[in-house]
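K.L.:
Shown below is the structure under consideration.
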Amino acid sequence: MRKWLCITLAVLVIASAVILLFGEAHFDEPVYQGRKLSSWLDDYQIERNGADPAAWAWADAEDAKVDEIIRKVGTNAIPALLRTIELRDSPISKLRFWIYHNGYHEFKERPVPAWARSFEAAMAFRALGADAKDAVPRLIEMYRRQSFPYRENIAYALGGIGPPASNAIPWLLRNVTNSEPHYVADHSFGALGQIHSKPEILVPLMIQFLKDSEPNVRSRAIWNLRSFGADAKSAVPALIEALSDSEGTVRTNAARALKVIDPEAAAKAGIK
């Protein structure tokens, strides 16, 4: 037993030395106010626990500060963000993460897993919005070949870019319609409404999802319909029916959507 403990400790010491001496390969990235882009991205509050409104408000404010930095860096950030959003953990990074979280060594920079960096990049794309339109073809190509959680992160980024990402709609639709209702990828589904394009295709589809057995899917469909405004008037009868939904959140969202889509119909339905 003692022998194996000594071997384990020796391996950890050697591994730590290798990491400290050689570290990991890093790609070029913009620098703003003396900090690399990846350092700014780490300020995003992507891990939120609890329901304390004050804590969430603080996290939202911190995210807004990072968004502003990203917008100042501008499109120069796109190449680095494209590399980051499909980043994978290397053996060295996995070892760093294990050593850090098992308390064997305190690194100068806290190791961040690849999935977290990927989501940080997605948040940055959303901060750039339509200014990141040139990244859309590459993001679509990534979306087609990636799996969870990267596909969801990429969908989140595409939704944030908005209408310029309309070419992604067929691929987002494929992910939605090829899934069982309760397995619908949330970010892919949400991105359809955020891209806000092709209502002739998406509005009828969202109306179908109002019949889904999952309340979360029904609510997401209503939010997507709301994003189309008057272009979603064909959904008014289904939304009026949703005012009697068994789930309170669905009823509330349906009322809010009706006020945006057809204020007259909302007034007739007794919505103030």
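Values quoted throughout were computed directly from the atomic coordinates according to the rules given, and no laboratory measurement underlies them. Since this is a predicted model, take the numbers as computed values, not measurements. No Cβ is skipped: glycine too gets one built from the backbone with ideal geometry, and neighbour counts run over all protein chains shown.
K.L.:
How much length would be gained if the chain were fully extended between residue 71 and residue 212, taking 0.36 nm per residue of separation minus their Cα-Cα distance, in nm to one decimal?
P.N.:
Full extension of this stretch gives 46.9 nm more.
K.L.:
Between residue 177 and residue 33, what length in nm is gained on full extension when 0.36 nm per residue of separation is reduced by their alpha carbon distance?
P.N.:
Values: separation 144, 0.36 × 144 = 51.84 nm, distance 4.50 nm.
Answer, rounded to one decimal: 47.3 nm.
K.L.:
Something else: Give, in nm to one decimal, the length gained when the segment between residue 265 and residue 234 is fully stretched (0.36 nm per residue of separation minus the Cα-Cα distance).
P.N.:
Once the chain is fully extended between residue 265 and residue 234, it gains 10.0 nm.
K.L.:
Projecting each Cα onto the charge dipole of segment 199-272 (Lys/Arg +1, Asp/Glu -1 at the beta carbon, about the Cα centre), which of 236, 216, 252 comes out farthest on the positive side?
P.N.:
252
K.L.:
Charges only on Cβ, +1 for Lys and Arg, -1 for Asp and Glu: so what's the dipole of segment 199-272 about the Cα centre, in debye to the nearest 20? If you can, show how the numbers build up before the last one.
P.N.:
On the way: 10 positive and 9 negative charges, 51 e Å.
Dipole about the Cα centre, nearest 20: 240 debye.
K.L.:
Residue 138 versus residue 43, label points 7 Å from Cα toward the beta carbon: distance in nm?
P.N.:
Once both label points are built, they end up 2.4 nm from each other.
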